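Data block below; observations after.
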Amino acid sequence: MQHGPAVRRRKLGAELRTLRTSAGLTSGEAARLVGWHQSKVSRIETGTSGVKPADVRLLLDAYGVADSQLRELLLVLAGSDESGGRHHWWHAYRGVLPPTYRDFISLESQASAMRTLETTVVPGLLQTPEYARAVTKAAVEGLSEDRLDTLVEVRLARQDVLRADPPLELSAVLDEAVLRREVGGPGVMARQLERLVEAARLPQVRLQVLPFAAGAHIGVTGPFVIFSFSSTSDLDVVVLDHLTSSLYLERKEDLRVYTEAFNALRTHALSPEDSLDFIAGTATGA
């Protein structure tokens, strides 16, 4: 179990090692190709030291990696601000957002799919501005209005991944408590439920409600997110949010356990069609 930056280094190193092996090179041969000492390649591959985006480009070129999507993802993991020529907007908030939140956003922006269990609040990618403001204000006491505005702005900017080409595929299981907990007052909650109904009809969004009637379930231990990447499954990661930080689980065993848990939750939840009716009914008070 690691914090975000360490996980990014380890995953980047593991992927670079796989690419080197696929290219038929030893670590010593790779080092000679780029003019380094073999120990530097080893430190990068084991995640014991950081690596600059320029160094990642050198290695990818040496390994003959032409897949633009994979190159961009690996450059993001190396901390590049301009991989693939794309501006990573969250770097403009470096002085406001903690490193773990920036890591989360960078993974979210590059993932092809996101599976999430939410037990208390609406997923950030589906929040209305008013709901996001009410949740943020309640979660972080003593915020100035300017800082609150900035955090809400970031939350809404993250939602662009659902409108990207291709869009992030979002699969979310929502505990019924998410729909019943009144956040920001009746008007704010009514508009938020309407937003969920709209989102549930999008082809890239799959929403399922886990009703109270389902009883105790594997998700009672808390919410989690699983990010998946189309370029390589080796970069998939589970994220657990805590009050002051996020924890990233990278081991294949962790991924297997949480994937099985999510599949079990989907089985016990209402179908997407019935969930849509359930949310609409909650919105109208039916």
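The values are calculated or read from the model by the stated rules, or taken from the named source; none is laboratory data. Model, not experiment: these values are computed from the prediction. Virtual Cβ from ideal backbone geometry, glycine too; neighbours counted across all protein chains shown. Note: accessible area is taken over every heavy atom of the protein model, side chains too, but ligands, DNA and RNA are not part of it. Shrake-Rupley method; radii C 1.70, N 1.55, O 1.52, S 1.80 Å.
Listed by first and then second residue, the pairs with beta-carbon distance under 6 Å, at least 6 apart or on different chains, first residue in region 85-104 and among the acidic types (Asp, Glu), second open to solvent by less than 40 Å² (accessible area, probe 1.4 Å) and at pLDDT below 75, are ASP103/GLY4.
Take the residues in region 200-217 that are within 18 Å of the chain's Cα centre (by Cα) and assigned to a strand (DSSP E or B), then tell me which one is surrounded by the most Cβ atoms within 10 Å (Cβ to Cβ). Write out each step before concluding.
Going through region 200-217, the residues within 18 Å of the chain's Cα centre (by Cα) turn out to be 204-207.
Now drop any that are not assigned to a strand (DSSP E or B), which leaves 205-207.
Working: VAL205: 21, ARG206: 17, LEU207: 24.
Checking each candidate, the answer is LEU207.
Condition check ((1) part of a loop (DSSP other than H, G, I, E, B); (2) within 16 Å of ALA157 (Cβ to Cβ); (3) not β-branched (Val, Ile, Thr)) across all residues:
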site	(1), (2), (3)
GLU29	no, no, yes
ILE44	no, no, no
THR48	yes, no, no
ARG57	no, no, yes
THR100	no, no, no
VAL121	yes, no, no
LEU125	no, yes, yes
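Taken over region 240-268, the criterion of being modelled with pLDDT under 90 and β-branched (Val, Ile, Thr) is satisfied by THR244 alone. Taking the listed residues VAL197, VAL220, VAL178, the one that is buried (at least 19 other Cβ atoms within 10 Å of the Cβ) and among the aliphatic types (A, V, I, L, M) is VAL178, with no other qualifying.
Between GLY184, GLY222, which is within 20 Å of THR136 (Cβ to Cβ) and in contact with a helix residue (DSSP H, G or I) (Cβ under 6 Å, 6 or more places away or on another chain)?
On the way: GLY222 fails: in contact with a helix residue (DSSP H, G or I) (Cβ under 6 Å, 6 or more places away or on another chain).
Of the residues listed, the single one that is within 20 Å of THR136 (Cβ to Cβ) and in contact with a helix residue (DSSP H, G or I) (Cβ under 6 Å, 6 or more places away or on another chain) is GLY184.
Scanning region 260-273 for residues that are touching a residue at least 60 places away in the same chain (Cβ under 8 Å) and surrounded by fewer than 16 Cβ atoms within 10 Å (Cβ to Cβ) yields a single hit, SER271. Among the residues of region 136-165, those identified as under 17 Å from PRO98 (Cβ atoms), open to solvent by less than 50 Å² (accessible area, probe 1.4 Å) and in a helix (DSSP H, G or I) are THR136, LEU148, THR150, LEU151, VAL152, VAL154, ARG155, ALA157, ARG158.
For SER49, indicate whether it is under 25 Å from LEU265 (Cβ atoms), among the hydroxyl-bearing types (Ser, Thr, Tyr) and open to solvent by 30 Å² or more (accessible area, probe 1.4 Å). Walk me through how you get there before you give the answer.
Numbers: under 25 Å from LEU265 (Cβ atoms): no; among the hydroxyl-bearing types (Ser, Thr, Tyr): yes; open to solvent by 30 Å² or more (accessible area, probe 1.4 Å): yes.
No.
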